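Have a look at the structure below, then the notes.
Here, each number is a calculation from the coordinates, and none is a lab measurement. As the structure is a computational prediction, the values presented were derived from the model and not from experiment. Every residue, glycine among them, receives a Cβ derived from its backbone with ideal geometry; neighbour counts consider all protein chains shown.
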Amino acid sequence: MTPDQFLRALERQDPKPVYLFLGPEVHRRRLCREALINRLLPGEERDGGLTRHEMDAISLSEVLDDARSMSLFAGSRVIWAASAEAALPRGRNAAAEDEESSSGGSKTGDAAALAEYVKDPTPGVVIVFDSSRYSFEGEDKAKSERVAKFYAAAPEIVEFAPVTALDARVFAQKRAGELALRIGPQDLDRLVEATAADLARLANELDKLALFAASRDGVITEHDIAALVPNLSETTIFALVNALARRDRLESLRLLDTLIREGEYLPLALTFLGGLLRMALAAREQRLRSVQDVQSYFQKQGVAMWRSRAEQVYNASLKFPQEKLEEAISSVFRADRDLKGSRPDDRIVMEDFVLRLTRA
């Protein structure tokens, strides 16, 4: 079930007794949480009816015991069980669980207790097991699937997957309209990239811009975004790409210093830089001859590609020879590995990255 499906179902019918909220996305989770609480605990009922547990400090059976306890102060209750992945068996218990599951055996322990509770839930009580630690891709995929399997008895699982850049762009345009903001398409693109397509950050920055523009008929300029939105790194990173292409070591180090002084999260900046270089290499290999060719090609591959990004990719493909792009991508991989490992300072890793790409 998607967050939108959850919200629509909540408008039409009573909530289920148990939900699993699974995935890392924050903004839509917050909307679903507030909708559920407002539905069950309107007004002053929230104070007496909302309970929060951290499942790295309390067991699943204790959460179920709490759900079975009748409240003297609230007719309805919402029990929010955070860090739900902490309830999963570990070590030998986990191995036994996997073996039992693969052989078709019945569930044991907490998983069985949850299944029994779902058969006869306490009226007026909704439990939300919330697991936001794992994503649905890469190394996290198997862990996320194991969490879903453990809580399979829950009548509904709501998945909060990270949004795509295109989804974030649509959200930003809609939210800007609701706030009566007048933002140009390219500035809106820059805002999406500045927030790394994070809906929570995007909503927060748009609300802040709305306050700023309240006396200016909602007009927001490029300079306003640059001044008010933190981590607006796109322009600086693209300038860094140009400096690296020229092998201008001093300028590259100066731009890196600018990113650091502005508080840019360097692993995120490296991810953006690596993505730009990989798309530039693909544009070279496909012999794309114009910005329109770049935009059309990547859209056919299912990659969100608006014009301002297509211009960046095309310009980078022109500035770097193919062998230099390949070298730069290898250096990005090495720097990314070093940033994730044990190292004294992110800055040292990034300075080494710049030195490698600007050597004569």
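Some notes on this structure:
- Prolate/oblate/rounded label for region 269-341 (Cα gyration tensor, a/c 1.5): prolate
- Label zone at Glu351, where the point sits 7 Å out along the Cα-to-Cβ direction: region 257-284 residues whose backbone N lies under 15 Å: 257-261
- Long-range HN-HN contacts of Leu50 with modeled amide H, under 5 Å: Val78
- Base-10 log of normalised Debye intensity for region 134-198 (one unit scatterer per alpha-carbon) at q = 0.13, 0.18, 0.20, 0.24 Å⁻¹: -0.54, -0.73, -0.79, -0.95
- Taking other C-beta atoms within 10 Å as the exposure proxy, Phe129, Phe298 rank Phe298, Phe129 from fewest upward.
- Global form of region 165-228, assessed from the alpha-carbon gyration tensor, a/c cut-off 1.5: prolate
- On a per residue basis, the convex hull of the C-alpha atoms belonging to region 3-159 measures out at 118 Å³.
- As a proxy for reagent exposure, ranking Ile329, Ile127 by other Cβ atoms within 10 Å from fewest up yields Ile329, Ile127.
- Ranked for footprinting exposure by Cβ neighbours inside 10 Å, fewest first, Lys149, Lys16 give Lys149, Lys16.
- Of the cross-linked pairs Lys143/Lys340; Lys119/Lys149; Lys149/Lys300; Lys149/Lys174, those separated by over 26 Å at the C-alpha level are Lys149/Lys300; Lys149/Lys174.
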